[in-house]
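Take a look at the structure below.
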Amino acid sequence: MIICAGNNEIFPFATPIGVGLIESSINLTRLCLFDKPEYLIFIGSAGSYGRYNIFDIVESISASNIELGFLNNSCYTPIDNIVKSNKKISTDTIVNSSNYISIDKKLTKEFLNYNIDLENMEYYSVLKVAKEFNIDVLGIFVVTNYTNKDAHKDFISNHKEAMDRLIAYLEVKKMIVPHRTSSK
């Protein structure tokens, strides 16, 4: 089953689960309780902490939930803040999730020291719910912006092309049937 966040990222071949950590965890849990999928592919956009470029497409089986306060030692957590799917892929990228979009370039570069390269608001909750239901997950992300003061502006201006590239990637990988336009 292919799932996506929703709002700006809705696809005819994917089930939207909501935006952010809470909506996505509630709706994905509901979906798993009533119609448990064998496998999940979560698709969507991501911000880059600097290692990936705009329009790069990245596959991931790992997510973290690390807030910016962790990076400057102003908080701690008792939860396991990194989760990984059982699926195997050749290389893995950790995607950080928070209900907030990071815009402090200097601070977010520190995520790279923890081998965390991208951020997406939902992916951590997707992996946590999938783990609870023993479902393998693959995340496929297209980079729309860097985590800097222009993050939102860049997300908006790159979003359409990024989604088109993500769809093309899924078609090439034979994860979806190529979209056919009708000819007159």
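The values are calculated or read from the model by the stated rules, or taken from the named source; none is laboratory data. Predicted model, so just to flag it, every value in this text is computed and none were measured. Neighbour counts run over all protein chains shown; Cβ positions are idealised from the backbone, glycine included.
The table for this structure:
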quantity	calculated
Given (1) assigned to a strand (DSSP E or B); (2) surrounded by fewer than 23 Cβ atoms within 10 Å (Cβ to Cβ), number of the condition P78 does not satisfy	(1)
Selected residue (criterion: nearest to I61 (Cα to Cα)) from residues of the stretch 72-91 that are of a type in the set (S, T, N, Q) and modelled with pLDDT under 90	N86
Meets criteria (among the polar types (S, T, N, Q) and modelled with pLDDT of 95 or more) for S62	yes
Contacts under 7 angstrom Cβ, first residue in the stretch 94-120 being acidic (D, E) and at pLDDT 95 or above, partner surrounded by fewer than 17 Cβ atoms within 10 Å (Cβ to Cβ) and not in a strand (DSSP E or B), 6 or more apart	D117/R51
Test for L71: is it more than 24 Å from K131 (Cβ to Cβ) and buried (at least 17 other Cβ atoms within 10 Å of the Cβ)	yes
Where a residue in the stretch 36-65 is over 18 Å from I82 (Cβ atoms) and its partner, wherever it lies, is hydroxyl-bearing (S, T, Y) and in a loop (DSSP other than H, G, I, E, B), with Cβ under 9 Å and at least six apart	L40/S85; G47/S102; G47/T147; S48/T147; G50/T147; Y52/T93
Any hit, the stretch 160-169, residues being β-branched (V, I, T), more than 23 Å from L21 (Cβ to Cβ), within 17 Å of the chain's Cα centre (by Cα) and not in a loop (DSSP other than H, G, I, E, B)	yes
Within the stretch 8-35, tally of residues that are touching a residue at least 24 places away in the same chain (Cβ under 8 Å) and of a type in the set (F, W, Y)	2
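Every residue, every condition in (1) in contact with a helix residue (DSSP H, G or I) (Cβ under 9 Å, 6 or more places away or on another chain); (2) closer than 25 Å to Y39 by Cβ, yes or no:
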| site | (1), (2) |
| --- | --- |
| N115 | no, no |
| F133 | yes, yes |
| L138 | no, yes |
| V142 | yes, yes |
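Conditions tested, residue by residue: (1) in a strand (DSSP E or B); (2) over 22 Å from Y169 (Cβ atoms); (3) touching a strand residue (DSSP E or B) at 6+ places or on another chain (Cβ under 7 Å).
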position	(1), (2), (3)
S90	no, no, no
I101	no, yes, yes
A130	no, no, yes
I140	yes, no, yes
V143	yes, no, yes
